[in-house]
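Okay, so here's the structure we're looking at.
The values are calculated or read from the model by the stated rules, or taken from the named source; none is laboratory data. Given the structure is predicted, the values throughout are model-derived calculations rather than measurements. A quick note on method: Cβ atoms are made from the backbone with ideal geometry, for glycine too, and the neighbour counts reach across all protein chains shown.
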Amino acid sequence: LQTSSGPINTADSNEEYARVNWDELGFGVIPTDFMYVMKCSKEGDFLHGNLTPYGNIELSPSAGVLNYGQGLFEGLKAYRREDGGIQLFRVDQNALRMKMGAERLCMPSPSVDQFIHAVKQTVLANKRWVPPPGKGALYLRPMLLGTGAVLGLAPAPEYTFLIFAAPVGNYHKDQAALNLYVEDKLHRAIPGGTGGVKSITNYSPVFLPQSHAKAKGFSDVLFLDSVNGKYVEEITACNIFIVKDNVLSTPAIQGTILPGITRNSVIELATSFGYQVEERLIPVEDLLEADEAFCTGTAVIVNPIGSISYQGKRVEYRRGKGALAQKLYEAVVGIQTGLVEDNKGWTLQL
Ligand code: COI
């Protein structure tokens, strides 16, 4: 991989903020000033990373990531606090998850310290793209890619760790409640596969069922387990929770579900609110009985689910925004943005 290089002046622009209409932010590509690139030596060590202007990268057509999908990504956010400081949320968890994924895909990975250092550098170099308080976040997209050329089926001989950034607002406009379609034919993950790590290959297979569901007027798809076709797994880009009385349930982590960092945070927070939290097998019928449902993820944060349709049956959740999803959303975003005291050590101030 080659990137354009040259002297980097991270103080290139002295403006406090980039020229962005902060009130109109959605979740899309907005090119920022710098990206971070760190290559792995032939011996498997990541040594020196650098900031480089954000731009296209050059890859061999034989790169492992292009031919065999040997790649992982992460997602995390940097928020601007009211006092002007910038903070990250549970970045160590992203670093650890990338390490787990790298083992599964036979890739070397940066150390936790290298990962955190690289994220910090990327945020500081793109500081003017961190939205004002209350307007969103700077989304960081760390990637670990098999960039070496390979033809026979094998791990790539070279790897690149790269982070780019983009300012984002809500993933779903106005955090609108989702109308989900339960997909009962196509699957996202299989036992023993890569559904439990953030492999790039987990994502494009959802496009077909998602496009079918969208064509029918649904907002997104919920997948079931591929063995029994009966237990709830996850939504295309986020985890799911259901609430019944005082019990909050979410599918257990068994290798086919992404161990979401927001998922984990919500489990801790809901427990502290007095909910009984169960990580378990959730038969699809339990959705139809629930009082409330919502999804969690770095991009979606905590987003309510308005309805779920399964084999012609439809359930509407009427609790709306006063419900647990809203309480958890405020708790998570409060800690992420510094409005609520972080007594869990989840934030890292830059
Ligand atoms: C995230 O929530 O950060 C994700 O990685 C999901 C992505 C498909 C937008």
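Output the residues belonging to the stretch 310-335 that are more than 30 Å from TYR181 (Cβ to Cβ) and in contact with a strand residue (DSSP E or B) (Cβ under 8 Å, 6 or more places away or on another chain). Quick ask: steps written out before the conclusion?
From the stretch 310-335, those more than 30 Å from TYR181 (Cβ to Cβ) are 334-335; that's our starting set.
Scanning the stretch 310-335 gives a single hit, ILE335.
I want to confirm something. Restricting to the stretch 232-264 and keeping residues that are touching a helix residue (DSSP H, G or I) at 6+ places or on another chain (Cβ under 6 Å) and of a type outside the set (Val, Ile, Thr), which single residue is surrounded by the fewest Cβ atoms within 10 Å (Cβ to Cβ)? So, considering only residues that are touching a helix residue (DSSP H, G or I) at 6+ places or on another chain (Cβ under 6 Å) and of a type outside the set (Val, Ile, Thr), the one surrounded by the fewest Cβ atoms within 10 Å (Cβ to Cβ) is LEU248.
Among the listed residues ARG90, ARG104, ARG97, which satisfies the condition of being basic (Lys, Arg) and either away from the ligand (no atom under 16 Å from the Cβ) or surrounded by fewer than 18 Cβ atoms within 10 Å (Cβ to Cβ) (or both)?
Values: ARG90 fails: either away from the ligand (no atom under 16 Å from the Cβ) or surrounded by fewer than 18 Cβ atoms within 10 Å (Cβ to Cβ) (or both); ARG97 fails: either away from the ligand (no atom under 16 Å from the Cβ) or surrounded by fewer than 18 Cβ atoms within 10 Å (Cβ to Cβ) (or both).
So the residue among ARG90, ARG104, ARG97 that is basic (Lys, Arg) and either away from the ligand (no atom under 16 Å from the Cβ) or surrounded by fewer than 18 Cβ atoms within 10 Å (Cβ to Cβ) (or both) is ARG104.
Conditions (1) touching a Cys at 6+ places or on another chain (Cβ under 7 Å); (2) in contact (Cβ under 8 Å) with a residue 40 or more places away in the chain, marked per residue:
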| position | (1), (2) |
| --- | --- |
| TYR159 | yes, yes |
| ALA165 | no, yes |
| GLY169 | no, yes |
| GLY193 | no, yes |
| SER204 | no, no |
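Scanning the stretch 249-280 for residues that are basic (Lys, Arg) and within 16 Å of the ligand (Cβ to nearest atom) gives a single hit, ARG263.
Quick one: is THR236 closer than 24 Å to LYS77 by Cα and more than 16 Å from the ligand (Cβ to nearest atom)? Quick ask: steps written out before the conclusion?
On the way: closer than 24 Å to LYS77 by Cα: yes; more than 16 Å from the ligand (Cβ to nearest atom): no.
Criteria not met by THR236.
Are any residues in the stretch 146-179 away from the ligand (no atom under 16 Å from the Cβ) and aliphatic (A, V, I, L, M), and if so, which ones? Listed by number, the residues that qualify are ALA149, VAL150, LEU151, LEU153, ALA154, ALA156, ALA176, ALA177.
Inside the stretch 281-308, residues that are in a strand (DSSP E or B) and either within 16 Å of the ligand (Cβ to nearest atom) or closer than 23 Å to LYS198 by Cβ (or both) make up a count of 8.
State whether one or more residues within the stretch 52-61 are of a type in the set (Asp, Glu), modelled with pLDDT of 95 or more and touching a Phe, Trp or Tyr at 6+ places or on another chain (Cβ under 7 Å).
Within the stretch 52-61, not a single residue is of a type in the set (Asp, Glu), modelled with pLDDT of 95 or more and touching a Phe, Trp or Tyr at 6+ places or on another chain (Cβ under 7 Å).
Only residues in the stretch 66-83 that are under 15 Å from LEU124 (Cα atoms) count as the first member; pair them with residues that are in a loop (DSSP other than H, G, I, E, B) and within 14 Å of the ligand (Cβ to nearest atom), Cβ under 8 angstrom, at least 6 apart or cross-chain, and list the lot. So the pair list comes out as LEU76/ARG90; LEU76/THR298; LYS77/THR298.
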